[in-house]
């Protein structure tokens, strides 16, 4: 179980570092033009905020376990990313339909798997 959690954590961290870093580095007009034609317009500050949260969540998935400092923070980071993915699923569902909404839904479910798995491993005697 530990190996599966580390693999999923590494993949999720890479995904969220890329997604959050993109939201932080690219200009807002470029970010707004990257979406589908039916994209819901979000305020620029909110997009930057989501980018910061995704980068911090990615670091929270990896660093506590890697450095063995406060490993109880990993399930909290994963739970925060679940909340972000719930919002992403809803927005994608409203803008692009069910087919594309499955992507953030699956990422959210993987984040929930990490949150529950790490919480269970930290709490067990």
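We did not get these values from a lab; they are worked out from the coordinates using the rules stated. What you see is a predicted model, and the numbers here were worked out from it, not measured in a lab.
The ratio of the alpha-carbon radius of gyration of the chain to the globular-protein estimate 2.2 N^0.38 Å is 1.10. Tilt of helix 73-96 relative to the longest C-alpha principal axis of the chain, in degrees (0 to 90, nearest 10)? That works out to roughly 30 degrees.
What per residue convex hull volume, in Å³, do the alpha-carbon atoms of region 24-91 yield?
91 Å³
With respect to the chain, whose longest principal axis is taken over its alpha-carbon atoms, helix 98-123 is tilted by about 20°. As a length-normalised measure over Cα pairs under 8 Å and 6 or more apart, the relative contact order of the chain settles at 28 percent.
Relative to the longest principal axis of the Cα atoms of the chain, the long axis of helix 44-67 lies at roughly 20 degrees.
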